[in-house]
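Working notes, beginning with the structure itself.
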Amino acid sequence: MRGIRQLSNVKWQTKPLQPLRREWKVKAVHGGTVIPVHRNHTLAIAEEGDPKGAEAEVKAEGARFGMGKQVLDRIKPAVVIRGVRWGVGNINKRKRNDEQQAAKRLKMGEDGEYANAQFSKEEIEAEGRKPKRKVAVLIGYAGSGYKGMQINGQEKTIEGDIFKAFIAAGAISKANADDPKKSSLVRCARTDKGVHAAGNVISLKLIVEDPDVVQKINDNLPPQIRVWGTERTNGAFSCYQSCDSRWYEYLIPTYSFLPPQPQSFMGKKLVESAEKKGTLEEYKARQADVADFWQKAEDEYIKPILDQLDPETRETVMAAVYSSEEPIVGNELKQKVDKLTKAEDDLDIMKEEPQKPEIKSDQNMETLGSADEAATQKPEVVESKDPTDTQVQEIQTEAKIIPEVSGDSTMGVPQTAAPEDQEASVSKSILSPVDIAIKQVKAAYIKAKKAYRISESRRQKVQETLDCYLGTRNFHNYTIQKTFSDPSAKRVIRSFKVGPEPIYINDTEWLSLKVHGQSFMMHQIRKMVAMAALVVRCGTEKHVIQESYGTATISIPKAPGLGLLLERPVFDSYNEQAVTKFSREKIDFDKFQKEMDEFKQREIYDRIFREEEKDHQFHTFFHHIDHYRTDFFLWVTAEGIAASRQSKSRSEVLDDVSDSEPDANGQEG
């Protein structure tokens, strides 16, 4: 026997548990809430102020279904005050979750700059209903200034801006503007914070009757985000599930493959370890093509600066330049990470102040903890981009206003005051002669590294190292929150190639690394690039990469996100069916190649080169690793993984904070 009855304030659902004994399981549904009612645990729910009336209705309704007096007497009323749920059953779990998510979205919409749009009931009714079609939207974007691709609450994301442009262009109705899930939005590749894409795809249901809808969408987007076009698909299409593989490109300065400075912590450890293992001659042979680089750099760029200093000042300056960083762990590390996030926010606010001069620092907010130069160096106000001249000329001409900051020895970023306290934290100060000399020497080292040109033999070593990634490998060490036994850590790399010719921009030589894989985990490509660069620059034997696929957990830093670019996803399997089975057009980026190439050069390549020229992100990344006094990265030495701390905790903490990722299991692509 089954039945559903609707009372004035209680709806009941009943079904027999044991029909022969006439025992019933009764569920009361009130205001979207399900209450189980059965034998010794029988409950009723009522609106505030009328528990007795509800009890009477429950008993009367129970009697209609044959519930005996003994059961009915056990019914107890419960009062719902201000809509608080009580005794919710599993039958309504999905509805409860939907209500919670709707409340969360509504809360975000009250003051969140990037929250979804909210429209009144009158506006929604006035718009009317229009047909929606499942489409693949081909897009490109420069990720600088965005917290990744995927919508993430109030954060500034690529999808967040695109979704708002869809609404403004009329491609998404006002009725569906409050939740992207209503339009079945799926992204093909979820890129990290600061990562770019010349080609990416999102699939969703759009109103595409207007032939000018793409132009209208682009009119509501910033120049660094473009929609190339849309393609109608079958109704079940998911760009994530239908994607066969992805192509990524990573641009990296060739000086990233220079060996660590001999006086640095890592430089000393490499020699000590080789001597201990009796492989010093083999180590020197692997570094033969760059064996004299640092000595020549000292003679040409550093010595002229030091010759102008008295012996005591010279000794102080070089001690500061070569000083190594002490590691921190546990709660202190978490506090430092929290301070890094706070410092990033404060610096962003300071940069947005039109009255304030531009703050230039060697620190990189995007990389692994950034390089630590703050212990001996304060950020200064600069106008020119020349790393050698600007640090001195402006200081000597007049006193500058410099924020008083304290160096973070691990994160390598200045700790600034909160926005409301910034006025109090800014004081007028003049750098001392020692500070000036330190800045000159550090700038000279950067200039020397930028003048480096990679040899053909070293470029070949880079290619041989990248070849170690080909095939199906267990990349659990190349992401976060995955163990060796996790099946999802196994990924397929089809090719990883170094560009045949270097690129020369602003006196800096760059290499293009292109990787083709089925899919990639969070930070995987950046960690693969960092591992390859460390193996080449440290003269490490390539078998350490093979060992990284094993059970041992090691800390692999992630290279700067600045250089990473999603070229395009591949849909070969779907495209074959689209033509033969669905009578649809292929998802093909080639038809937009001209526009994409212009966009890639203007908004992505130029941006990468410009930001590296300004912030020296790759220099600070490798400087940090070379000078960080810890055994986390000593797997690059002759002693291998056995010499390093068996933990990923260092990089995992920094990864989580630096990229503000909403889902650790999400995909880079």
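With the condition kept exactly as written, say whether any residue in the stretch 272-282 is in contact with a Leu (Cβ under 8 Å, 6 or more places away or on another chain) and part of a loop (DSSP other than H, G, I, E, B).
There is no residue in the stretch 272-282 that is in contact with a Leu (Cβ under 8 Å, 6 or more places away or on another chain) and part of a loop (DSSP other than H, G, I, E, B).
Across the stretch 573-591, what is the total count of residues that are surrounded by 18 or more Cβ atoms within 10 Å (Cβ to Cβ) and over 13 Å from THR233 (Cβ atoms)?
Matching residues across the stretch 573-591 total 1.
Tell me which residues, restricted to the stretch 182-240, are open to solvent by 40 Å² or more (accessible area, probe 1.4 Å), among the hydroxyl-bearing types (Ser, Thr, Tyr) and within 22 Å of MET596 (Cα to Cα).
THR230, TYR240
I want to confirm something. Restricting to the stretch 542-582 and keeping residues that are under 19 Å from the mean Cα position of the chain (by Cα) and small (Gly, Ala, Ser), which single residue is nearest to ALA198 (Cα to Cα)?
Out of the qualifying residues, it is GLY563.
I'm trying to understand the selection: among the residues of the stretch 611-635, which are under 21 Å from the mean Cα position of the chain (by Cα) and surrounded by fewer than 19 Cβ atoms within 10 Å (Cβ to Cβ)?
Passing the criteria: only GLU611.
Out of the residues in the stretch 493-509 that are out of contact with any Gly (no Cβ under 6 Å at 6 or more places or on another chain) and hydrophobic (A, V, I, L, M, F, W, C), state the one that is modelled with the lowest pLDDT.
Among those residues, the one meeting the criterion is ILE505.
Among GLU272, GLU249, GLU281, which is the only one that is exposed (fewer than 13 other Cβ atoms within 10 Å of the Cβ), acidic (Asp, Glu) and within 30 Å of PHE632 (Cβ to Cβ)?
The unique qualifying residue is GLU281.
From ALA197, ALA171, ALA189, grab the single residue that is in a strand (DSSP E or B) and in contact (Cβ under 8 Å) with a residue 24 or more places away in the chain.
Result: ALA197 is the single residue among ALA197, ALA171, ALA189 that is in a strand (DSSP E or B) and in contact (Cβ under 8 Å) with a residue 24 or more places away in the chain.
Of the conditions (1) surrounded by fewer than 17 Cβ atoms within 10 Å (Cβ to Cβ); (2) within 23 Å of GLU231 (Cβ to Cβ); (3) touching a residue at least 24 places away in the same chain (Cβ under 8 Å), GLU127 clears all except one; give me its number.
Here GLU127 clears every test but (2).
Among the residues of the stretch 488-515, which ones are touching a strand residue (DSSP E or B) at 6+ places or on another chain (Cβ under 7 Å), under 18 Å from ARG607 (Cα atoms) and open to solvent by 40 Å² or more (accessible area, probe 1.4 Å)?
Hit for the stretch 488-515 is ILE503, nothing else.
Counting only residues that are open to solvent by 10 Å² or more (accessible area, probe 1.4 Å), among the hydrophobic types (A, V, I, L, M, F, W, C) and modelled with pLDDT of 95 or more, how many does the stretch 537-572 have?
Result for the stretch 537-572: 1.
Confirm whether ALA559 is closer than 30 Å to LYS277 by Cβ and part of a helix (DSSP H, G or I).
Criteria not met by ALA559.
Among the residues of the stretch 469-481 satisfying the criterion of being open to solvent by 20 Å² or more (accessible area, probe 1.4 Å) and not hydroxyl-bearing (Ser, Thr, Tyr), which is farthest from LYS542 (Cα to Cα)?
We begin by selecting, within the stretch 469-481, every residue open to solvent by 20 Å² or more (accessible area, probe 1.4 Å); these are 470-473, 481.
Right, trim to not hydroxyl-bearing (Ser, Thr, Tyr) and you get 470-471, 473, 481.
Numbers: LEU470: 13, GLY471: 16, ARG473: 15, GLN481: 25 Å.
Selected residue: GLN481.
The values are calculated or read from the model by the stated rules, or taken from the named source; none is laboratory data. Predicted model only: the values in this text are computed from it and were never measured. All Cβ positions, even for glycine, are placed from backbone atoms using ideal geometry, and neighbour counts span all protein chains on display. Just the protein is used for accessible areas: all its heavy atoms, side chains included, with ligands, DNA and RNA removed. Shrake-Rupley method; radii C 1.70, N 1.55, O 1.52, S 1.80 Å.
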